[in-house]
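These notes concern the structure reproduced below.
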Amino acid sequence: MVVLPVSDTFLASTALGLVLMILSALPSEAVRYMRPMFNDMESNVTAYVGDSAVLECSVRNLGTKSVIWKRKSEKHALTIGDFVFTSDNSYSVEHADRSQIWALVIKNVQKEHAGEYECQISTKEDLNKTVSLTVLAASRQTPAVQLGGGGFVEKGNPITLSCNATGKLMTPDDIDWFKDGIKIKSSARNTIHITKHRMPETRTLVSKLRIKHSNMSDAGTYICRSTDLKVKGIYVSVLSSETNPMKRGTEDKTSDISGQCRLHNLPIHVLLAFFSLVYLLASVH
């Protein structure tokens with residue numbers, strides 16, 4: 001019996017061939033399937049009567065599955081993918097090619113549209129996210145630009161700002177965002193995300209600015225400006241979770257606590273010298 005020598009290259013190529021054969025025999029879904037997952041998104045949306053409300057659902061690894069929007073209190077779907085399944089013409093869905101965002105748009109929103117909406121993914125798993133819509137009575141003198149969000153945000157939490165710009169004769173062409181006078185743009189890594197939705201029926205352009213994970217440096221004055229130079233500004237404060245809650249009180253209390261913290265953080269030899277000086281002064285008197 002003659003045993004022929006077998007090279008390592010031959011064994012490696014044979015093993016690779018067997019692996020490819022096994023993979024090709026498996027169903028394509030078993031090889032390529034990745035479980036869809038929700039990205040961080042705004043769970044509370046506020047709109048005024050007559051405006052357009054935009055509820056966003058961001059999903060990655062969607063594959064061949066579909067995004068479904070429905071009212072949480074009802075069984076039937078409002079939209080499935082790009083299709084609308086309701087006789088109410090107020091509802092529509094917006095989705096750009098290769099975008100992970102599926103937006104449920106409610107034009108000329110009314111009080112009866114308020115409530116909880118559910119974004120679902122058409123999988124065997126129970127994958128859904130709830131978005132709450134609050135509808136406020138429209139003011140008699142609606143400003144050309146409305147800016148919502150901001151206030152106080154804990155460090156690490158997202159910052160979400162919404163800007164509605166309405167034109168007198170036509171929809172504004174664009175909305176720009178600024179922080180402390182510097183223009184903001186969407187980042188390649190999706191840490192800063194700016195979306196825009198045009199509502200021709202109400203001559204409104206809606207833009208949302210979202211900073212995924214806020215840092216202390218993100219505190220400041222944010223301004224949205226439409227192309228007709230209408231501007232609105234809001235100040236956002238970023239609070240450190242490591243900060244003593246008492247520091248968020250009055251200015252006097254903050255300065256007192258800060259002084260104590262600086263004393264305790266001094267080097268030990270400085271503290272010893274300080275207390276020795278205090279002892280000597282007390283002895284003299």
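The values are calculated or read from the model by the stated rules, or taken from the named source; none is laboratory data. Just so we're clear, the structure is a prediction, and the values are computed from it rather than from any experiment. Neighbour counts are summed over all protein chains in view; Cβ atoms, including those assigned to glycine, are modelled from backbone coordinates with ideal geometry. Note: areas computed on protein heavy atoms with side chains; ligands, DNA, RNA excluded. Shrake-Rupley method; radii C 1.70, N 1.55, O 1.52, S 1.80 Å.
Couple of notes before you dig in:
- So THR160, is it closer than 25 Å to SER58 by Cα and open to solvent by less than 50 Å² (accessible area, probe 1.4 Å): yes
- The one condition from (1) part of a loop (DSSP other than H, G, I, E, B); (2) touching a His at 6+ places or on another chain (Cβ under 7 Å) that VAL54 does not meet is (1).
- Residues (under 14 Å from GLN120 (Cβ atoms), open to solvent by less than 90 Å² (accessible area, probe 1.4 Å) and assigned to a loop (DSSP other than H, G, I, E, B)) located in region 69-92: GLU74, ALA77, LEU78, GLY81
- Residues being assigned to a loop (DSSP other than H, G, I, E, B) and either closer than 16 Å to ILE106 by Cβ or open to solvent by less than 70 Å² (accessible area, probe 1.4 Å) (or both) - total across region 182-206: 3
- Inspection of region 127-140 finds a residue satisfying the criterion of being farther than 28 Å from ASN215 by Cβ, at pLDDT below 90 and under 22 Å from the mean Cα position of the chain (by Cα).
- Of all residues in region 21-40 being part of a loop (DSSP other than H, G, I, E, B) and modelled with pLDDT of 80 or more, the one that is least open to solvent (accessible area, probe 1.4 Å): PRO36
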